[in-house]
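Only the coordinates and a few stated rules stand behind these numbers; no lab work does. As the structure is a prediction and not an experimental result, all values here were calculated from the model. Cβ sites come from the backbone with ideal geometry, for glycine too, and all protein chains shown count toward neighbours.
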Amino acid sequence: MRESMLNRCPTSTYDQVCKVVKKELGGAPEEIFDEFDPVPIASASLAQVHVARTHEGQKVAVKVQHTHMTDTAAADLATVELIVNTVHRFFPSFDYRWLVDEVKETSPKELDFLNEAKNSVKCMDNFRRLSPHIAAYIYAPTVYWSLSTSKLLTMEFIEAPQVNDLKSIKKLGIRPHDISKLVSQTFAEMMFKHGFVHCDPHVANLLVRTLPSDRSSIFGSRKPQLVLLDHGLYKELDNYTRTSYAALWKALVLADAKAIKENCKKFGAGDDLYTFFTSILTMKPWERVIDPAVDHLAISDQSELQIYGPEYFSQVTELLRRLPRVILLMMKTNDCLRSVDNALLQRSSLESFLIIGRVSSEAVIQEKLLKAKSLFSLISVWLEEISLEVRFTILRLALWVLQFKKSLSL
């Protein structure tokens with residue numbers, strides 16, 4: 001909901017906005033709200049956002065769905081389906097019919113703003129129940145249910161910079177490095193423990209402010225709170241998918257080639273594609289993925305990113321056809337998070353990978369403890385947990401040494 005989103009998508013006229021507000025809430029904007037800015041602060045493909053103030057004095061953000069969406073969404077989807085099916089008929093190797101199925105499933109949910117509101121509530125409830133250690137550091141704007149419908153959503157207005165606005169963030173006394181760690185922790189908890197994932201974490205949907213209860217440290221830095229916007233696109237991972245995905249990332253961070261192959265196969269990436277799958281997940285060639293060095297997953301050379309070149313088109317197409325659709329969205333989420341990290345640090349964050357490895361390992365251990373049926377199996381899991389804790393402690397120490405050496409060379 002920021003100014004940088006303006007002009008990227010067409011906006012609805014104020015008359016069109018008034019029609020939606022009157023139809024959904026029963027009155028003109030100036031009747032329903034004490035104040036209503038006719039000029040949107042942001043516009044995206046589905047809706048635009050206006051700043052308003054309730055009669056009780058609260059400043060709110062009003063997300064109004066574009067009037068044409070209901071009329072054109074079905075026709076647009078039918079057109080895309082026709083094109084994809086026609087191309088596949090003449091070029092069988094070009095099989096992206098799964099994409100049409102995905103859009104059919106997600107579009108109605110994204111067009112229902114009450115579903116978005118419920119997602120935001122569920123997201124915060126998951127953090128309080130399943131990740132209480134970081135729940136205070138995550139926030140979603142309060143929903144005004146009496147002023148919300150399936151086509152209009154009224155939320156608390158949050159005045160805070162986007163996650164990539166480094167100048168404003170530094171003015172708040174927040175270190176970009178701390179934000180990077182918080183973003184990694186937040187989405188790792190969602191993927192590996194909650195199984196309910198915000199799948200559109202681009203920079204416009206992530207705001208940063210100081211933790212309300214925080215005071216400056218002796219060094220003047222403040223703790224960040226991450227504000228999550230736009231909860232329209234979420235994916236639920238069933239228990240098998242969630243724990244298998246956690247086991248895969250645990251193996252990737254620890255460079256465990258056998259476990260990587262084993263868990264890739266669970267998602268359909270067999271002997272012919274598992275190395276390619278891991279390269280796409282990590283943006284690293286297979287040789288680097290299984291390198292035991294602490295920085296083996298850091299992107300240091302842009303030439304390593306050429307796995308999306310035209311020579312790999314057939315492999316990409318086949319992999320996308322085989323993978324579960326939910327994993328495709330996890331991959332999209334990973335790309336968004338990688339972009340956020342680059343915006344914050346101008347580089348790939350090694351600490352983010354350690355956080356992912358630790359949280360995914362915790363999820364794997366939790367699942368094994370739930371399935372342990374005997375004292376012997378419990379002891380075995382506890383020993384594995386201790387072993388993992390030692391390994392991550394060693395990796396963290398190695399990371400500190402590596403960072404110290406790099407700082408000396410500057």
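Each of LYS63, LYS332, LYS167 has some number of other Cβ atoms within 10 Å of its Cβ, and from fewest to most they run LYS167, LYS332, LYS63. In this simple spin-label model, placing a label point 7 Å from the Cα along the Cα-to-Cβ direction at both VAL401 and GLU102 gives a separation of 4.1 nm. Calculated on C-alpha atoms, the gyration radius of the chain divided by its Kirkwood radius gives an Rg/Rh of 0.99. Partner lysines whose Cα lies under 20 Å from the Cα of LYS373, excluding those fewer than 8 positions away in the same chain, are not found. Helix 113-130 axis versus longest C-alpha principal axis of the chain: approximately 40°, rounded to the nearest ten. Helix-only arithmetic for the chain: the sum of -39500 (n - 2.57) across DSSP H runs with n ≥ 4, divided by the residue total, places the mean residue ellipticity at 222 nm at -17000 deg cm²/dmol. Listing LYS109, LYS193 from fewest to most neighbouring C-beta atoms within 10 Å gives LYS109, LYS193. With neighbours defined as other Cβ atoms within 10 Å of a residue's Cβ, the residues ASP341, ASP272, ASP95 order from fewest to most as ASP272, ASP95, ASP341.
Straight-distance candidates among the aspartates and glutamates for linking to LYS109, with alpha-carbon spacing under 17 Å and chain neighbours fewer than 8 residues away dropped: ASP71, ASP76, ASP101, ASP200, ASP230, GLU236. Within the stretch 236-409, the proportion of C-alpha pairs whose separation exceeds 21 Å stands at 52%. Over 28 Å between Cα atoms: which of LYS250/LYS284; LYS193/LYS223; LYS122/LYS151; LYS332/LYS371 fall into that group? Table pairs above 28 Å Cα-Cα are LYS332/LYS371. Cut-off under 18 Å on the C-alpha distance; same-chain residues fewer than 8 positions from LYS265 excluded. Which aspartates and glutamates are left, in chain and number order? The reachable aspartates and glutamates, counting only those whose Cα sits under 18 Å from LYS265, are ASP238, ASP256, GLU318. Taking the longest Cα principal axis of the chain as reference, the axis of helix 375-409 is set at about 80 degrees.
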